[in-house]
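Trainee: I have a structure here, written as structure tokens, and I will follow up with some questions on it.
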Amino acid sequence: MPMSRTSDVLVIGGGIIGLVTAWRAAQRGLRVAVVDPEPGGGAAQVAAGMLAAVTELHYGEETLLGLNVESARRYPTFVAELEEASGQCVGYRACGTLAVALDADDRAHLRELHALQRRSGLESVWLTGRDCRRLEPMLAPGVRGGLRVDGDHQVDPRRLAAALVMACERAGVVFHRGWAERLSVVRDRAAGAVLRDAGELTADQVVLAGGSLSGKLGGVPADVLPPVRPVKGQVLRLTVPPAYGPFLSRTVRAMVRGSHVYLVPRENGELVVGATSEELGWDTTVTAGGVYELLRDAHELVPGITELPLTETRAGLRPGSPDNAPLLGPTDLPGLHMATGHHRNGVLLTPVTGDVMAAVLATGELPHEARAFTPRRFSPVYLEQPA
Ligand code: GLY
């Protein structure tokens, strides 16, 4: 049968955000297509998969916190449903996180974070250095204190992406493996996309979910184009050999001389070490300096890592937005929606993004939990309104 070139919803971008949108929309009975040269690729192939609503809390991001916490709350049900629908495991581990300090400055920073977490109604427990080492004996003896956050878990983003592709296929989503070059606009309404060397796809509604590339799609009116930029992250993968015994039982992270480092241990022995955060445009080079700094900081935190095989080094691009929060829902161009700009929280926000995008596509109403994240907050008309 020839592949249909028309659908109710066309999702541009088959990373985890595009896929979850497509899967959830198909579950609501919509005919959905996804266009992407490599569905399931993108930033999820690099990301560590921390679900760090509490440990990655930042000043000024209280609104985003609400969405992050809501998505973390939905994770167990989401995983159960996705594993059932795909027949695949996504490596969700309810293991918690330990954030530690190595010197007095780091400890002062962590104390501030603890106070902010408490003011925000979040659960975290202050521990002495000795308590930290009791929990994680591989930690360096010099650890000066830490925060135990029992609610910040992890998932394996590569397995999550693979499961979403399978769930989409089983739900009847049509995949077009190619590049969307331009948005088609007919009578001031988004009407589909023109593909590179592969004709045109038409749809009643279009979702732009192109990750860091979302701001580059041709044909999108300038005042609707999302203000998304690439933020480079270099990530390492090490392997804990089975004979090594227990290494880390939970995610361990720290601020070391002002930069963040985290170690995410998977059940299969993979140990992910991340991540740099670099404003270097479209560069995805893995640099000696990036690897050196990650290993140096990780070694200061957990000296035993130098004995582990280094199995992979990779760089990916986070889709950064001006306020570090995603753009979700309708734009000022009728028929065009955004699901992009998830920056550091794409994996965490996958469940809630799928739910709210499917709801708005099926009903026209953006659910209340997503209203603060309307792409219209960046539109020139909105920005020019008096405060
Ligand atoms: N959320 C982890 C990172 O973006 O590096």
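The values are calculated or read from the model by the stated rules, or taken from the named source; none is laboratory data. Quick caveat: nothing in here was measured; it's all calculated off a predicted structure. When we count neighbours, we look across all protein chains shown, and the Cβ atoms used for this are built from the backbone with ideal geometry, even at glycine. Heavy atoms of the whole protein, side chains included, go into the accessibility calculation; ligands, DNA and RNA do not. Shrake-Rupley method; radii C 1.70, N 1.55, O 1.52, S 1.80 Å.
Trainee: Divide by every residue of the chain the summed helix terms, -39500 (n - 2.57) for each DSSP H run of at least 4, and state the resulting mean residue ellipticity at 222 nm, rounded to the nearest 500 deg cm²/dmol.
Mentor: One gets -9000 deg cm²/dmol as the mean residue ellipticity at 222 nm.
Trainee: From the phi angles alone, apply the Karplus equation (6.51, -1.76, 1.60; θ = phi - 60°) to the range 35-50 and give each ³J(HN,Hα) in whole Hz, x where the residue is Gly or Pro.
Mentor: Couplings: 10, 6, x, 8, x, x, x, x, 4, 5, 6, 10, 4, 7, x, 5 Hz.
Trainee: Report, in debye and to the nearest 20, how large the dipole of the range 287-358 comes out about its Cα centre when Lys and Arg carry +1 and Asp and Glu carry -1 on their Cβ. Write out the running numbers ahead of the final one.
Mentor: Values: 4 positive and 8 negative charges, 25 e Å.
Computed about the Cα centre, the dipole is about 120 debye.
Trainee: Further question: Calculate the dipole size of the chain relative to its Cα centre from +1 charges on Lys and Arg beta carbons and -1 charges on Asp and Glu beta carbons; express the result in debye to the nearest 20.
Mentor: 260 debye
Trainee: In the range 171-274, with Lys and Arg counted as +1 and Asp and Glu as -1 at Cβ, which of these residues, VAL186, TYR244, VAL264, has the Cα nearest the positive end of the dipole, that is, farthest along it?
Mentor: In the range 171-274, that residue is TYR244.
Trainee: Moving on to the next point. How many Å² of accessible area per residue for the range 229-327, probe 1.4 Å?
Mentor: Counting only protein heavy atoms, the per-residue value for the range 229-327 is 41 Å².
Trainee: Using only Cα atoms, what Kirkwood radius does the range 85-216 have, in angstroms?
Mentor: So the Kirkwood estimate lands at 19.4 Å.
Trainee: Taking the Cα centroid of the range 307-340 and of the range 272-301, what is the distance between the two, rounded to the nearest whole Å?
Mentor: If you average the Cα positions of each part, the centres end up 19 Å apart.
Trainee: In Å and whole numbers, how far do the C-alpha atoms of the range 172-300 stretch along each principal axis, longest first?
Mentor: 62, 36, 24
Trainee: Another question, then. What distance in nm lies between label points placed 7 Å from Cα along the C-beta direction at GLU200 and TYR292?
Mentor: 5.4 nm
Trainee: Measure off, as a whole percent, the carbon and sulfur share of the 1.4 Å-probe accessible area of the chain, all protein chains present.
Mentor: 53 percent
Trainee: Cα atoms only: what Rg and Dmax, in Å, come out for the range 236-293?
Mentor: 13.4, 42
Trainee: Enter the mean projected area of the convex hull around the alpha-carbon atoms of the chain, in nm², rounded to one decimal.
Mentor: Convex hull of Cα atoms, orientation-averaged projection: 19.8 nm².
Trainee: Please find the FRET efficiency linking THR6 to ARG314, where r is the Cβ-Cβ separation and R0 is fixed at 51 Å, and quote it to the nearest 0.05.
Mentor: 0.85
Trainee: Here's something else I'd like to know. Enumerate the helices in the chain for which the Kyte-Doolittle hydropathy averages -0.5 or more and the C-alpha atoms extend at least 18 Å along the helix's axis, using complete DSSP H runs.
Mentor: 62-86, 157-170, 288-301, 350-363
Trainee: Ratio to report: Rg/Rh of the range 134-192, with Cα atoms as the point set and Rh obtained by the Kirkwood method; give two decimals. Numbers along the way, then the final one.
Mentor: Values: Rg = 22.9 Å, Rh = 17.3 Å.
Ratio of gyration radius to Kirkwood radius for the range 134-192: 1.33.
Trainee: Quick one: accessible surface of ASP188, probe radius 1.4 Å, all protein chains present, in square angstrom to the nearest 10.
Mentor: 120 Å²
Trainee: Compare GLY178, GLY121, GLY145 in a GNM of the chain, Cα atoms joined below 10 Å, and give the one with the largest fluctuation.
Mentor: GLY121
Trainee: Here's a follow-up. Work out the charge dipole of the chain with +1 on the Cβ of Lys and Arg and -1 on the Cβ of Asp and Glu about the Cα centre, then indicate which of GLY210, VAL143, GLY49 is farthest towards its positive end.
Mentor: Of the candidates, VAL143 comes out farthest on the positive side.
Trainee: Another question, then. Local charge sum around GLY96 (other residues, Cβ-Cβ under 10 Å, Lys/Arg +1, Asp/Glu -1)? Working shown, then result.
Mentor: Values: positive: ARG93, ARG148, ARG250; negative: ASP150, ASP152.
Overall, the nearby charge balance is +1.
Trainee: Follow-up question, since we're still on this one. Can you say what percent of the DSSP beta bridges in the chain, counting only those with both residues inside, are antiparallel? Round to 5.
Mentor: 70 percent
Trainee: Also, I was wondering about something else. Report the convex hull volume per residue for the range 5-117, counting only C-alpha atoms, in Å³.
Mentor: 149 Å³
Trainee: Given the protein chains as shown and a 1.4 Å probe, how many square angstrom of THR97 are accessible, to the nearest 10?
Mentor: My reading of the accessible area for THR97 is about 10 Å².
Trainee: Return one whole number: the accessible area per residue of the range 1-137 in Å², for a 1.4 Å probe.
Mentor: Per residue, the range 1-137 has 44 Å² of solvent-accessible surface.
Trainee: While we're looking at this one, here's another question. How large is ³J(HN,Hα) for each residue in the range 263-271, as worked out from phi by the Karplus curve 6.51 cos²θ - 1.76 cosθ + 1.60 (θ = phi - 60°), to whole Hz, x for Gly and Pro?
Mentor: So the Karplus estimates, Gly and Pro as x, are 10, 10, x, 8, 5, 7, x, 5, 10 Hz.
Trainee: GNM on the chain, C-alpha springs below 10 Å: top fluctuator among LEU98, LEU65, LEU280?
Mentor: In this elastic network of the chain, the residue with the biggest mean-square fluctuation among LEU98, LEU65, LEU280 is LEU280.
Trainee: Which of these, THR21, THR55, THR239, has the largest mean-square fluctuation under a Gaussian network model of the chain (Cα springs below 10 Å)?
Mentor: Top of the fluctuation ranking is THR239.
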